[in-house]
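Quick notes on the structure that follows.
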Amino acid sequence: MVMLTESQRDDWIRQGFLVLPDFVPVASCHALSEHVASLLAAIDPSDDTTHSVFSTTEQSHANDDWFLESGDKVRWFFEDGAFVNGHLTAPLPTVINKLGHAMHDLDPIFSQFSRTQELAELASELGFTNPLLLQSMYIFKQPTIGGEVVCHTDHTFLWTEPQSVVGFWFALEDATVDNGCLWAIPGGHHIPVKRRFRRDGHGGTTNDIFDNAPYPEAQGVPLEVPAGTLIALHGTLPHWSAPNTSDRSRHAYTLHVIDGDADYLSDNWLQRSSTLPLRGFVG
């Protein structure tokens, strides 16, 4: 049974994040990674309709149908430079950026990893009354080429009214400064959100800018953690990760949860077909 201490509850309120070591057995982390390897083996790299590059610095994917229609599918996204003239520059497993965004509902192994009693209890302790599993991502952070994820808040991309999204970030491998661990600004969730990313109504996306001033990244701290650690991230907490310039990967799994009692806006970029409604931790 998950039971946060008074100190941990205070940390969540004060800092906007929680670091919970040994939340998942390392063997389960390895099993998920091995399953993902089998999924990658089935990808046909010659199909150029799937050559979508995910980059938070260039945002080239933002108006890409492969990306915009992935809310109720399992799709893969490549690192920048993975292809030259339509051909892979390295073996496919070494140039994948991430998988997304509905593995937790469409893949039994991911569903089992995502729907545990411990995670349901943690969601309850963090204030959820009707938790719904919205989005899942398997992030590779490849050695030497794993791209930067710029400073952002999850509420910007997964907007509910009132704000309800929480990110559950699982370290499947040791995460260090060298291989691109998370960084966060303690207490930064109290800063008003500066932008909202949404569909523009014309088949693309746009950003509503509320404040152009950057987040105070100099106040950020690295969240170096061993495999099996869960980091919970408040929806308005600014966080990011640097490029992986090391020779070691930094695999992670992220699950975003919203409260079903909040309003998930119809122009959010991530949308689902009515045939795959959101579900909670049970069922």
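The values are calculated or read from the model by the stated rules, or taken from the named source; none is laboratory data. Since this is a predicted model, take the numbers as computed values, not measurements. Glycine also receives a Cβ, built like all others from the backbone with ideal geometry; neighbour counts cover every protein chain displayed.
Taking the range 172-183 as the search range and keeping residues that are in contact with a Pro (Cβ under 7 Å, 6 or more places away or on another chain) and among the hydrophobic types (A, V, I, L, M, F, W, C), which one is surrounded by the most Cβ atoms within 10 Å (Cβ to Cβ)?
Step one: list which residues in the range 172-183 are in contact with a Pro (Cβ under 7 Å, 6 or more places away or on another chain), which gives 174, 177, 180-181, 183.
Among the residues that remain, those that are also among the hydrophobic types (A, V, I, L, M, F, W, C) are: 177, 181, 183.
On the way: Val177: 13, Cys181: 21, Trp183: 19.
It comes out as Cys181.
Please return the ranges of strands (runs of 3 or more DSSP E) entirely within the range 64-147 where 2 or more residues are under 30 Å from Asp22 (Cβ atoms), in contact with a Ser or Thr (Cβ under 8 Å, 6 or more places away or on another chain) and among the aliphatic types (A, V, I, L, M). Don't jump to the end; show me each part of the working.
Values: elements: 74-78, 96-101, 131-139.
Fully inside the range 64-147 and qualifying: 131-139.
Here is a list of conditions, (1) closer than 24 Å to Gly235 by Cβ; (2) touching a His at 6+ places or on another chain (Cβ under 8 Å), and Gly100 meets all of them except one; can you say which number that is?
Gly100 satisfies every listed condition except (2).
Starting from the range 75-94, take each residue that is on the phi > 0 side of the Ramachandran plot and list its partners that are modelled with pLDDT under 90, counting only C-beta distances under 6 angstrom and pairs at least six apart or across chains.
Filtered contacts from the range 75-94: Gly86/Asp48.
Restricting the search to the range 191-223, which residues are crowded, with 17+ Cβ neighbours inside 10 Å and in a loop (DSSP other than H, G, I, E, B)?
Answer for the range 191-223, where residues must be crowded, with 17+ Cβ neighbours inside 10 Å and in a loop (DSSP other than H, G, I, E, B): Ile191, Val193, Lys194, Tyr215, Gly220.
Taking only the range 61-104 into account, find how many residues are buried (at least 20 other Cβ atoms within 10 Å of the Cβ), of a type outside the set (Phe, Trp, Tyr) and within 24 Å of Thr275 (Cα to Cα).
7
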